[in-house]
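The values are calculated or read from the model by the stated rules, or taken from the named source; none is laboratory data. In this text the structure is predicted, and so the values were computed from the model without any measurement. So basically every Cβ, Gly included, is an ideal-geometry build from the backbone, and we count neighbours across all protein chains shown. Quick note on the areas: whole protein, heavy atoms, side chains included, nothing else; ligands and nucleic acids left out. Shrake-Rupley method; radii C 1.70, N 1.55, O 1.52, S 1.80 Å.
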Amino acid sequence: MDAQVNKPHRQSKKSKDKKKQHTGEKNPKAFAFSNPGKLARQAARSHDIREKRLHVPLVDRIPDEPPPRLVTIVGPPGVGKTTLMKSLIRRYAKETLSDPVGPITVVTSKKQRLTFVECPNELEAMVDIAKVADIVLLMIDGNYGFEMETMEFLNILAATGMPGNVFGILTHLDLFKKPQALKDAKKRLKHRLWSELYNGAHLFYLSGVLNGRYPDREIHNLSRFLSVMKNPRPLVWRNSHPYSVIDNYRDVTHPTKIEQNAKCDRTIELSGYLRGTNFSAQGQRVHIAGLGDFTIASMETLPDPCATPAMEQALAKATGKTGRRRLDEKDKKIYAPMADRSGLKITGDHIVITREKGFTFDKSAEGVERGEGEQLIIDLQGERRLLGQTDQGVKLFSTGQQITQIPEEEDTGRKTKRKARFAERGDSEDEADDLPDDEGFVSGEEDGASDVEESEFSEQKLGKLFRKKDDKVADEDVAFADSDSDLGSIISDEELSDEDEDDEDLGSDEDGAAVRWKDNMMERARRLHGKRRPYRAVDLARMMYDDSISPKEALQKWRGEEEEEEEEEDIEKDDDDDTFFKRTGNGLNEDLSEDRVIPRFDYEELAAKWSGEDAVESLRARFATANLLDEDGNDEEGDDDEMGGDDGDDEGDGAFEDLEAEDGAEGSDNEEPEAEPEATLEAEREKNARRKEELKLRFEEEDREGFANDKAVTRREGGEDEFGEDDWYEAQKAVLQKQQDINKAEFENLDESQRVSVEGFRAGKYAKIVIEGVPADFVTKFQPKMPIILGGLTPTEDRFGFVQVRIKRHRWHKKILKTGDPLIFSLGWRRFQSMPVYSISDSRTRNRMLKYTPEHMHCFGTFYGPLIAPNTGFVCFQSFSSSNPGFRISATGTVLSVDESTEIVKKLKLTGTPYKIFKNTAFIKDMFNSALEIAKFEGAAIKTVSGVRGQIKRALSKPDGHFRATFEDKILLSDIVFLRAWYPIKPHRFYSPVTNLIGWQKMRLTGEIRRAENIDTPQLKNSQYRKIERETRRFNPLRVPRALAAELPFKSQIIQTKPQKKETYMQKRAVVVRGEEKKARDLMQKLTTIRKDVVEKRRAKKEEKRVEYRKKVAEVEERMENKKKRENKAYWEREGKKRGPSDMGGGGGKRRK
């Protein structure tokens, strides 16, 4: 029986909605966003973060051992700046400074240091500090709010370059009694700071003062935040200029000059960390803010006075020497030369030592531990003896013996003057040849020690100087030196063995060794320094700029060519003075040939040689870009030329030598000559293809950074992605980094002296800078609180000319600025006063002068000053005086261009009147004074007040200054004719640097001088206002010709009534008042008079009542005003008290405003 087949059941709806099996993929419903607005904000924020880093890449010039970061503490007086500096120094250095003055450097971590500077309440100091500050601590009185100094400093930062780290610090928060009031004040001040800086700017809170410092927990939070700070994006100005913040200075002027003239120019030494770019080794021009422009006389790097632990460890590891533990271990953590630190204070050219217990010591006390300073003071307070002289004798050195008596002169030693003897020095002594005779040479150990102190802390950058002996590679026959300076001290194994034998012999007899070591000194020196390594690039670099030797001698020394032995023997034998002078060269022709700029050649022979294609092709292969296809034959040939192809005989201007002959000879030895096949079509095509490929490679090499080569096209099409999604940005960063690595590798191969001469003094070093010609007032008026900023100048910035800027009056400055008024500019490193001329672009055709700056828009400004690169920001002031109660920043702007000439014009209107009119021609007077002036304006357009245009034709012969002009219509005698012209304006060449460190007075306006001298303003007759009297003009009636009037239509016809000769009836009759009419008129006149009298009496009575009412109203208003003043005074006495100066130390009292 077949199986029964039934109709299948209908699929239920539940089975359709059954859950599918989990496939492992994410469930979109589970990961859907619930807040669309939040997601949009997150996406926008991530996009902003990604776009913020897409700036134009800048070269990272921060060295491996960077200079300390400059932390400036800025704020109005009485806000707690000194207390904050004391607290931070106590936190980092565990030391309390009673008077923290000047830059103070502390070590905060293994590789980081901070330099704290308190900015005084002087606008000049605020301007200078804003240009160099890395981190700004903006102190704000939380109980008072933002003050004028704070807002001025923020605007100066915005104009000159805002550093990436600006933090606000609220103080005096302990004066708030209610927590809610404190919370509201914090919120209000935080949002106000955000509006000035950016949303999310950090704001720290310091509640009160304990034991003269802020609470440790709050200072700890602030110090931790400062220590972990990252380097922000460098500012363009600091990244392209060298500068230094001076932390100590010393007057090194000769005392005799000061005794002769107390006002003579001084020579000072400035010390500080170098920042920014490298200082030039010679002739670096600098500007000292508040002092002027100078040229560095000499510069020298010093040991780092506040080295980081990482640098000390690297030096110890490289040298194999561990630094001795000193008693003053805290010196490694803090460096404050100008501050009163533990009784020691360096102020200018003298040192002040203070001690609470005085300087009375018990000299006879034994077993008392005294410091070096105490012992020095005890010795100085003793009897008037020589330093180091005691009863037992004189002790010259700490490790030497005391000398009790002078030994009698014995018959030992040299009795006659030493005569000069010359020895041949090696390559390493070439540099020492230029030294004067009285200058000694330092041993290798001392050289190494000095280089260690000046080198960087990284072990890789220490170079070959500190390389250990185990790392040196030496052969049996050839010995290599550790560095170029040590090359001359290489001795062969045989010489070493000979010296060892001599040492053994000398060791047996010490007395004999003391004399025998001088034997054969010349022979030893010759054996020691006789061997030379020719063709060294280091020696060539030294000899190229050596003026004391001729080019021939430099080439001989570089090649290692020895002079004739007969001359050397003569030099050793002769002791006469004549041996100091000898002839260098074979003849006069040779000397002349060395000094010639253009060498002598046989030009006919050269033309014949290089006329062939083969010779030109062989010469082309010697260029760097000739071989771009990586062919084997050409590579080998190029390598031969680079390694050993140069021969010493082709130097100078001798006979021309065929450089290709040697290569051809070598090739002929290796290869057999073959018959050259005939050029076929395939060979020609192959040659053209190779040439195209070479041109293509050359084009790509020149267009490496462009987008025209195939690699860039492929990258844009998506075929190749070398740098990720941000191709251009990453490519530019890679190019900069590659160039920086190349420079670093090249400079590491040079020794320290050559590196300084080529690269300059690097940033991060602590250097001593000597400045000559400084005014004496700088020393006498020196104030440690005022910062000294030394900024390097580029060659362009040392020139002066007209600078065109885009300037805008600051919105908080009360008055608009006037053209020609002196203005103080802070531009670059300089602060100077100049007289700008304001202008605006007039239809993009000319710069029209403005008498005043616009209210709320930018304009152009032109002034005379130093030439600064475009896009440099500046800020302007009318006065630096603190007596000015308003906002002192007058204007801000940026530099547009620099030029020696200007094109600013001023509108000039010349007016005249016609005195003769002939139809469209008129004679004009009172516009010019002479025919010469008219000749300059022939053809110029003129115009009348009524709008009739005309043109100047020619000057008239007889009335001087009159001219003939034509107009487009007939003008009237009453018309005024004017000429609209443009007059060129030249700004005044006025430049006055602000030298506030030696005393400076700004140029005053004429009104200020009159006000100070109490001089009345002169009233000019033409400048006074007078009443304008205009005559009534009478116009002639309209005259219509009869012919035209006859043709007019009826409605437009002119109807003129002829005057009658006889009087009419109305003119003849007379009005006579009679009877009742006369009585009525008289009555009405009397009634009107009575009414006027009543109204006048009523008005007078009402005025009396009004006077009484006004008195009552005035009394009520006076009572209300007095009540309001009392309530206001009571409120401020109760709520607005400021804390007075505390007895526990800290900042000064708060000033009242």
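Look at region 782-801: where a residue is in contact (Cβ under 8 Å) with a residue 24 or more places away in the chain and a partner is exposed (fewer than 14 other Cβ atoms within 10 Å of the Cβ), sitting 6+ places away or on another chain with Cβ atoms under 8 Å, you get Gly801/Asp899; Gly801/Glu900.
Take Arg1010 and tell me if it is surrounded by 14 or more Cβ atoms within 10 Å (Cβ to Cβ) and either in contact (Cβ under 8 Å) with a residue 24 or more places away in the chain or closer than 30 Å to Tyr864 by Cα (or both). Don't jump to the end; show me each part of the working.
Values: surrounded by 14 or more Cβ atoms within 10 Å (Cβ to Cβ): yes; either in contact (Cβ under 8 Å) with a residue 24 or more places away in the chain or closer than 30 Å to Tyr864 by Cα (or both): yes.
Yes: the conditions hold for Arg1010.
Of all residues in region 934-954, those that are over 20 Å from Asp975 (Cβ atoms) and either surrounded by 15 or more Cβ atoms within 10 Å (Cβ to Cβ) or touching a helix residue (DSSP H, G or I) at 6+ places or on another chain (Cβ under 8 Å) (or both) total 1. Might you check whether a residue that is open to solvent by less than 100 Å² (accessible area, probe 1.4 Å), under 30 Å from Asp975 (Cα atoms), free of Cβ contacts under 8 Å to residues at least 40 places away in the same chain and within 60 Å of the chain's Cα centre (by Cα) occurs anywhere in region 1037-1060? Checked region 1037-1060: no residue is open to solvent by less than 100 Å² (accessible area, probe 1.4 Å), under 30 Å from Asp975 (Cα atoms), free of Cβ contacts under 8 Å to residues at least 40 places away in the same chain and within 60 Å of the chain's Cα centre (by Cα).
For region 767-777, a residue qualifies if it is open to solvent by less than 20 Å² (accessible area, probe 1.4 Å) and either aromatic (Phe, Trp, Tyr) or assigned to a helix (DSSP H, G or I) (or both), but none of them does. The strands (runs of 3 or more DSSP E) located wholly in region 844-933 that include 1 or more residues which are open to solvent by 70 Å² or more (accessible area, probe 1.4 Å), of a type outside the set (A, V, I, L, M) and under 30 Å from Ile952 (Cα atoms) occupy 846-850, 904-918. Residues in region 24-70 that are of a type in the set (Val, Ile, Thr) and surrounded by 11 or more Cβ atoms within 10 Å (Cβ to Cβ) were compared, and the one that is farthest from Val117 (Cα to Cα) is Val59. Which residues, counting only those in region 730-766, are in contact with a Ser or Thr (Cβ under 7 Å, 6 or more places away or on another chain) and either more than 22 Å from Tyr243 (Cβ to Cβ) or part of a helix (DSSP H, G or I) (or both)? Scanning region 730-766 gives a single hit, Asp751. What do you reckon, is Ala125 open to solvent by less than 40 Å² (accessible area, probe 1.4 Å), closer than 26 Å to Gly276 by Cβ and among the small types (Gly, Ala, Ser)? Criteria met by Ala125. Selection of strands (runs of 3 or more DSSP E) fully inside region 190-292 by the criterion of at least 3 residues being of a type outside the set (Ser, Thr, Tyr) returns 242-251, 266-276, 285-288.
All conditions but one from (1) among the aliphatic types (A, V, I, L, M); (2) open to solvent by less than 80 Å² (accessible area, probe 1.4 Å); (3) without any contact (Cβ under 8 Å) to a residue 40 or more places away in the chain apply to Ile971; the one that does not is (3).
For region 22-32, does any single residue satisfy the condition of being within 30 Å of Phe761 (Cα to Cα) and at pLDDT 70 or above?
Pass one, region 22-32, residues within 30 Å of Phe761 (Cα to Cα): none.
No, that holds for no residue.
Counting only residues that are closer than 22 Å to Thr794 by Cα and not aromatic (Phe, Trp, Tyr), region 852-906 holds 20 of them.
Within region 934-948, residues that are within 14 Å of Leu910 (Cα to Cα) have Cβ atoms under 8 Å from residues that are open to solvent by 60 Å² or more (accessible area, probe 1.4 Å) and in a loop (DSSP other than H, G, I, E, B) in these pairs: Thr944/Ile976; Val945/Ile976, counting only partners at least 6 apart in sequence or on another chain. Would a scan of region 121-139 turn up a residue that is part of a strand (DSSP E or B) and over 28 Å from Leu270 (Cα atoms)? Yes, some residue in region 121-139 is part of a strand (DSSP E or B) and over 28 Å from Leu270 (Cα atoms).
Out of everything in region 272-300 that is hydroxyl-bearing (Ser, Thr, Tyr) and open to solvent by 20 Å² or more (accessible area, probe 1.4 Å), what residue ends up being farthest from Thr253 (Cα to Cα)? Walk me through how you get there before you give the answer.
Taking region 272-300 first, the residues hydroxyl-bearing (Ser, Thr, Tyr) are 273, 277, 280, 295, 298.
Cutting the leftovers down to open to solvent by 20 Å² or more (accessible area, probe 1.4 Å) gives us 277, 280, 295, 298.
Values: Thr277: 30, Ser280: 24, Thr295: 17, Ser298: 14 Å.
Among those residues, the one meeting the criterion is Thr277.
Among the residues in region 201-212, are any of a type in the set (Gly, Ala, Ser), out of contact with any strand residue (DSSP E or B) (no Cβ under 8 Å at 6 or more places or on another chain), open to solvent by less than 60 Å² (accessible area, probe 1.4 Å) and more than 22 Å from Ser98 (Cβ to Cβ)? Steps first, please.
Just the residues of region 201-212 that are of a type in the set (Gly, Ala, Ser), to begin with: 201, 207-208, 212.
Next, only the ones that are out of contact with any strand residue (DSSP E or B) (no Cβ under 8 Å at 6 or more places or on another chain) stay: 207-208, 212.
Now restrict to residues that are open to solvent by less than 60 Å² (accessible area, probe 1.4 Å): 207-208, 212.
Then keep just the ones that are more than 22 Å from Ser98 (Cβ to Cβ); that gives 207.
The answer is yes; a qualifying residue exists.
In the list Phe167, Phe116, which residue meets the criterion of being among the aromatic types (Phe, Trp, Tyr), surrounded by 21 or more Cβ atoms within 10 Å (Cβ to Cβ) and either modelled with pLDDT under 90 or in a strand (DSSP E or B) (or both)?
Exactly one of Phe167, Phe116 is among the aromatic types (Phe, Trp, Tyr), surrounded by 21 or more Cβ atoms within 10 Å (Cβ to Cβ) and either modelled with pLDDT under 90 or in a strand (DSSP E or B) (or both), namely Phe116.
In region 783-815, the residue that is nearest to Arg888 (Cα to Cα) out of those that are open to solvent by less than 20 Å² (accessible area, probe 1.4 Å) and among the aliphatic types (A, V, I, L, M) is Ile807.
Scan region 140-153 for residues that are open to solvent by 10 Å² or more (accessible area, probe 1.4 Å), in a helix (DSSP H, G or I) and in contact with a helix residue (DSSP H, G or I) (Cβ under 9 Å, 6 or more places away or on another chain) and the total you get is 2. Among the conditions (1) modelled with pLDDT under 85; (2) open to solvent by 50 Å² or more (accessible area, probe 1.4 Å), the only one that Thr780 does not satisfy is (1). Between Gln1019, Gln1024, Gln1001, the distinction of being assigned to a loop (DSSP other than H, G, I, E, B), without any contact (Cβ under 8 Å) to a residue 24 or more places away in the chain and closer than 30 Å to Ile246 by Cβ belongs to Gln1001 only.
With the structure loaded, tell me whether Gly75 is within 38 Å of the chain's Cα centre (by Cα), small (Gly, Ala, Ser) and open to solvent by less than 60 Å² (accessible area, probe 1.4 Å) or whether it fails that test. So Gly75 fits the description; yes.
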